[in-house]
Structures are given as C-alpha cells and as structure tokens.
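See structure below.
The values are calculated or read from the model by the stated rules, or taken from the named source; none is laboratory data. It should be emphasised that the depicted structure is a prediction, and the values quoted were computed from it without experimental measurement. Every residue, glycine among them, receives a Cβ derived from its backbone with ideal geometry; neighbour counts consider all protein chains shown. These area figures cover heavy atoms from the full protein model, side chains too; ligands, DNA and RNA do not enter into them. Shrake-Rupley method; radii C 1.70, N 1.55, O 1.52, S 1.80 Å.
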Amino acid sequence: LMAMGPSPVQTLCVDGQQDLPSSFWIGFLTYCTPALRCASLVGTGLSDRELGVLSTCPHLVSLDLSDTRVSGEGVLQLLAPAAPASASLRSLYLAACPGITPTVATALLGQPRLQRLDLSRCDGVARRDGDDGGGLSASLETSAGGAPRFGQRLRVLLVADLALSRAAVVALA
C-alpha cells in the first residue's frame, strides 16, 4: 500500500471486519492516515495498538469505535493534547465498548472539542442492576451541585441502556 503513495481516502467504513490481524490494521490505517476525516470501525478487532495509528490522523473529525476492544486508556491517549487527532476530532462513538469505565466516561464528557459522544451500552460505565450508587450516575450526581463539567462544545450525548439514576439524568439536562 505504501508504495502507491499517500491514500486519498477521506471516509472509511470497514464495519464488522473482525478476523483481520492487528498487523493488517496497523499497515492499513497508516496508509489511510494522511487524508482520513471519518472512520467507522464498528465491530472490528481493533484494540489500543491500532488507536496509536489513529491518533496521528491530523484531519480526523469523526471516529466510530463501537463494539471494539479498545480500552478507556487507549481512547484517552487518542485525545491527549499531544496527539494530532485530538485537535480535529469532534464526534466519538464508543457504544458497547466494554473497556470504557466511569472514570474514562467522566473524562470524555470534559473533552473541550468533542461535540458528539456515544457511550450507549457501555456496560462498564453504569451499573445495569439499578444500583444508583456507582458508575457514571455517581459522577454526574456529584457534579450536579454546579453544572456538570461537560466540554464547552458537547452538543450530542448518547447514553442509551445505561440504567442511569434519576438524579444523573437530571444532571444531564
């Protein structure tokens, strides 16, 4: 791929490609990095190793990592100030990512540039058993004394199927 020169691909959708090895993803994403603006990698075998390549995409605006094996730490590294992608990324979809924890979710809510964030069905974010004492509910409730500490540009927050407490839902409003 690299012998063909930089990729002109700006939008990439390779959802459901679970059986491709990490070495393929690293090479493929490295090839696509220069122009890539939107990437949908839903249900792929992606993990934190491949996020390192995506973090170097200087024009990445929208990234869907739903139903992948990425960890919260990997996602936060993608958004670290030193990562080129952090300056351009506006939409991040992480539905059904088991590695996203309440601490990571709270950090993502505070990202200053994110406009859209999907944490739906992230089992690690909020407890499904109705226990209001933990998870994202607790974080939102404790921040509700003032306004929740959302990023200044966050306009769309998707939290379907998280079993949030009533107080947490009120804090979102």
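Give me the extension gain from Arg69 to Ser23: residue separation times 0.36 nm, minus the current Cα-Cα distance, reported in nm with one decimal. Walk me through the intermediate numbers first.
Details: separation 46, 0.36 × 46 = 16.56 nm, distance 1.56 nm.
Going from the current span to full extension adds 15.0 nm.
With a 1.4 Å probe and every protein chain kept in, tell me what percent of the accessible surface of the range 1-124 is carbon plus sulfur.
For the range 1-124, the apolar C and S fraction of the accessible surface comes to 56 percent.
Just to verify a number: FRET efficiency for Thr30 and Thr103, C-beta to C-beta distance, R0 = 41 Å, to 0.05? Intermediate values should be presented prior to the final figure.
Working: r = 30 Å, r/R0 = 0.74.
FRET efficiency, Thr30 to Thr103: 0.85.
With +1 assigned to the C-beta of every Lys and Arg and -1 to the C-beta of every Asp and Glu, and no other charges, what is the dipole magnitude of the range 1-130 about the Cα centre in debye, to the nearest 20?
On the way: 9 positive and 10 negative charges, 68 e Å.
Here the size comes out at about 320 debye.
Solvent-accessible surface of protein heavy atoms, probed at 1.4 angstrom with all chains present, puts Asp118, Asp19, Asp161, Asp48 in the order Asp19, Asp161, Asp48, Asp118, largest first.
Projecting label points 7 angstrom from Cα along Cα→Cβ for Val9 and Val169 puts them 4.1 nm apart. With the simple spin-label model, which puts each label point 7 Å out from Cα in the Cβ direction, the Leu158 to Arg37 separation comes to 2.0 nm.
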